[in-house]
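**Student:** Please find one structure pasted underneath; my questions will follow.
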Amino acid sequence: MPPRTPSTPDSRTHDDDTAAVLPLRLADEPAVPHDAAWFDRLVTEHSRAVFRFVARRCARDDAEDLTADVLTVAWRRRDDVPDDAELPWLYRTAGFVVANHRRKHRPVPLAVVPDEPDDDDPALRAVRDERVREVLAALAPRDRQILLLNAWEGLTGEALAQVLGIGRGGADAALSRARARLRDAWAAQDA
């Protein structure tokens, strides 16, 4: 007997009907709700990383308040926060919050390193090195942002692209160019 094909209504089996309807049900089901329990998990899992991100970019006195602002935005816009990409979304939001804060206040020079939120933070240990600060200061702000997101926050690929608000290929290319400029700046300082 030849295999049945779903080309005609009378040749479909009950299993074929279920298979045809099942994807529609799954597509129509609402996403996991971003409720208070979701937000509690978000805060528990990511608030420390967001605080560190903010503390590296502004005065420590402001870091706690700005972190709270980022989390408040996450609660208000909880339906916009993508599942399985919460941290990149929070980093991108934190970047906007810090930028708005800087526009309202005087900018913090790169040479001023905020108090460290954690004694064992490898990123802050590296920034203490005067030479690293000088080389980073020689880069364009966008290159510096990309390198710090990659080195400090550990973002690569799609996560980096989401924070930058560009496509994956663009993020990979921007990271490659920023690394090349960093090598050039480092070599220029050695000369």
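What follows is calculated from the coordinates using simple rules that are stated; it is not laboratory data. The model shown is predicted, which means the values in this text are computed figures rather than measured ones. Glycine gets a Cβ as well: all are built from the backbone with ideal geometry, and neighbour counts include every protein chain shown.
**Student:** List, please: which pairs have Cβ atoms under 8 Å, are six or more places apart or on different chains, and start with a residue in segment 139-158 that is surrounded by fewer than 18 Cβ atoms within 10 Å (Cβ to Cβ) and end with one that is in a helix (DSSP H, G or I) and polar (S, T, N, Q)?
**Tutor:** Taking only residues 6 or more apart or on different chains, the pairs are Thr156/Asn150.
**Student:** Still on this structure, please answer the following. For a quick check of your reading of the model, give me the residue pairs whose first member lies in segment 64-87 and is small (Gly, Ala, Ser), whose second is not in a helix (DSSP H, G or I), with beta-carbon atoms closer than 7 Å and at least 6 apart or on different chains.
**Tutor:** Pairs found: Ala74/Val81.
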